[in-house]
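Derivation of every value follows stated rules applied to the coordinates shown; laboratory data play no part. Quick caveat, the model's predicted, so the values are computed rather than measured. All Cβ positions, even for glycine, are placed from backbone atoms using ideal geometry, and neighbour counts span all protein chains on display.
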Amino acid sequence: MNTIYILWLRQLKKYFRSKSRIVGSLGQPLLFMIAFGFGFGSIYQRAGEGNYIEFLAPGIILMSVLMTGMFSGVDIIWDKQFGFLKETLVAPVSRFEIVLGKTLGGATVAVIQGIIVFLLTLVMGFRLQTMADIFPAFVFVFLVALLFTSLGTAIASILEDMQGFQLIMNFLVMPTVFLSGAFFPLKGLPRAIEFLTKINPLTYGMDGLRGALINVSTYPIYMDLFILSVVTLVLLGIGSYLFSKIQA
């Protein structure tokens, strides 16, 4: 447990020491919030769907969480290249504790990033229905953070160079976000697109968070929570297994 805490704390320290990383990671969510929120807001309202900022805000929050969580895998590749990971792996501690500490640290950083973006959405005009909505919303944010941090860990465990990791991340991130219902309702879609949204785990995190915050969801919230929890546990297991195969 001490190893998990140390690695978790190390991830947090790296995050808070890098002011440019914090500010830079807010650029894309802000751009999407301004461009989409105010650009399509009037069209969305004329279609009878209500306030687009309220619909969009949960999507922007989880987009930020996903990106931060997945890119935490960069730290593993960085540690591989500079020898820190080898020192960690030869230590007399369980590799599962090492990967769990790193994953929980990356997920915590992603949650913090999501909270910052949430505060920015309040400035943009998003409003909670009740303060009690924060608690179920936090559960979905944390699960999404843990899921995609685990995915980033799994991918980083089998790659050796930073460029390859970034290419794969860029290939996965935006399709995952766009096919999750972050920017449009999941109804009346072509069958092929509907199928892709249903096999996308972020869809259920997005739907659950939106249901918690604005009481609008496509699926029952217990279904969102169940599917998201199962996929998170599976990816955490895969990430742990692949990390255990890294040569010291």
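Quick notes on this structure:
- Highest mean packing first, where packing is the average number of other Cβ atoms within 10 Å per residue, the peptides 176-189, 65-78, 144-157 line up as 144-157, 65-78, 176-189.
- Centre-to-centre separation between the Cα atoms of the range 24-40 and those of the range 99-178: 17 Å.
- Shape summary: the range 2-244 maps onto an equivalent ellipsoid whose semi-axes, from the alpha-carbon gyration tensor, are 32, 18, 17 Å in decreasing order.
- Rounded to the nearest 10 degrees, the angle from helix 73-82 to the longest Cα principal axis of the chain is 20 degrees.
- Placing one equal scatterer on every Cα of the range 100-189 and applying the Debye formula, the log10 ratio I(q)/I(0) at q = 0.10, 0.17, 0.19, 0.20 Å⁻¹ is -0.35, -0.94, -1.09, -1.16.
- FRET efficiency for the pair Lys14 and Ser229, taken as 1/(1 + (r/R0)^6) with r the Cβ-Cβ distance and R0 = 22 Å, rounds to 0.20.
- Distance between modelled label sites at Ala35 and Ala132, nm, 7 Å Cα→Cβ extension: 3.9
- Remark: the range 131-248 is approximated by an ellipsoid whose semi-axes, taken from the C-alpha gyration tensor as √(5λ), come to 28, 18, 12 Å, largest first.
- Residue ranges 134-142, 25-33 sort as 134-142, 25-33 when ordered by packing (mean number of other C-beta atoms within 10 Å per residue, highest first).
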